[in-house]
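Worksheet: one structure, shown below.
Every read-out reported here was derived from the displayed coordinates using simple, explicitly stated rules and does not represent laboratory data. Predicted model, so just to flag it, every value in this text is computed and none were measured. Because the Cβ atoms are built from the backbone with ideal geometry, glycine has one as well, and the counts that use them run over all protein chains shown.
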Amino acid sequence: MKKPRFPFPVPFGWYQVGFADAITRAEIKPLRFFGRDLVLWRSASGTLHLQDAHCPHLGANFSVGGRVVGENIQCPLHQWQFDGVGSVASIPHASRNTANACVRHYPLQIRHGLIMAWYHPHGAPASFNLPVVPAFDDPDFVPPLVTRHEIATCLQEMGENAADSAHFLTVHQHLAPARYDRFDFEGASMIMESRQTFPSSGGPVAGYLNSTSFGFGWAVVRYRTVIDVCMLTTLTPIDKERVVQYFHVSYKNPERDARVDRIGAAFNQEVNRQLTDDMRIWEHKIYLPDPVLCDGDGPIARYRKWARQFYTETPR
């Protein structure tokens, strides 16, 4: 058997599982996240639900022939119905409901049109909440440019990028490593404030890159260079070795100036290009639990200590 590249289980946290405007009333969408088959569905009244995909009766998949009936989801096999929290609502061919049959459900939050689901391997309630992003409600900022990437790595590896100051120079061709003004850990949050020299078509540009992460699945990144950019990064584990990432890139342009739009589009293209630089590394590296670090590497050890809180079992 091939040895896993990473020793980590799927960490708990809030993860994007869809876009609220992409699912209609009474629709069922099949998904694969957290190493599990799931269904995202919207009830007749418009309420969204995320549940495991297989009926606990005999294992039929709700997304293949199942349907939404009012506020319930109905199994295609024997038409058992379950409500939004996974409890049995109706068994048409039985004299009584089977009280111990239930479908696992996942709490949801909607943030800026994104459907965020709470995952915990043992079903524990959410231990932190997600903030709103003020720029995404500010009419001075343009609607976000959204790009999806699927990456063969794990969340632990991707999060470590922020703490790796040297890679901005060696991988992304910045003219110098990141200079950290702040790198703090507060509960579920990782806060980084840095000064960097960014490459551009017009030559080097000095600026700031600040980010605040909430667990592994939600990071708000602010770039201040020629323009003011707010980027929301969401990451969701498909399984232990595959991740879906979305960049949601917005920038300030109250006058809807065409020149600012061109700069914003170029910035969006560049951050996605730089991600492909990272992907080439991530998709072929392994995790070393005891790396040989030097004084120019950044706070990698502190990051790893913070990251441990999101696992219910100690990684090997």
Can you give the Rg to Rh ratio for the chain, taking only C-alpha atoms and Rh from Kirkwood?
1.02
Mind jotting down the distance between the C-alpha centroids of region 125-160 and region 227-295, whole Å?
10
Excluding residue 25 itself, calculate the net charge of residues whose Cβ lies under 15 Å from the Cβ of residue 25, where each Lys or Arg counts +1 and each Asp or Glu counts -1.
0
Across 10 Å bins beginning at 0, the whole-percent shares of Cα-Cα pair distances in region 13-119 come to 16, 51, 27, 5, 0
Distance cut-off 30 Å, Cα to Cα: go down the list 252/285; 252/305; 240/305; 29/252; 2/305 and report the pairs above it.
252/285; 252/305; 29/252
Sequence order, region 137-149: Karplus ³J(HN,Hα) from phi using 6.51 cos²θ - 1.76 cosθ + 1.60, θ = phi - 60°, Hz rounded, Gly and Pro as x, gives 10, 8, x, 6, 9, 6, x, x, 8, 10, 10, 9, 9
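What's the local net charge at residue 70, with K and R +1, D and E -1, over the other residues with C-beta under 13 Å away? Display every interim value, and only then the final one.
On the way: positive: 25, 42, 67; negative: 71, 83.
Every neighbour counted, the sum reads +1.
What ranking do 242, 32 get, fewest neighbouring Cβ atoms within 10 angstrom at the top?
Details: 242 17, 32 13.
Going from least to most buried by this count: 32, 242.
Over the chain, what relative contact order in percent results from Cα pairs under 8 Å that are six or more residues apart?
Details: 628 pairs, mean separation 60.4, N = 316.
Averaging sequence separation for qualifying contacts and normalising by length gives 19 percent for the chain.
How big, in percent, is the set of alpha carbon pairs in region 134-310 lying more than 25 Å apart?
Working: 4980 of 15576 pairs.
Every Cα pair in region 134-310 considered, those over 25 Å come to 32 percent.
Can you sort 167, 112 so the residue with the fewest Cβ neighbours within 10 Å comes first? Please list the in-between numbers first.
On the way: 167 20, 112 17.
The fewest-first ordering by Cβ neighbours comes to 112, 167.
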Largest fluctuation, 249, 17, 133 only, Gaussian network model of the chain with Cα springs under 10 angstrom, belongs to 133
Sorting 309, 91, 212 by the position of each Cα along the dipole of the chain (Lys, Arg +1; Asp, Glu -1; all at Cβ), the one nearest the positive end of that ordering is 91
For the chain, built as a Gaussian network whose Cα springs stay under 10 Å, the top-fluctuating residue of 184, 290, 21
290
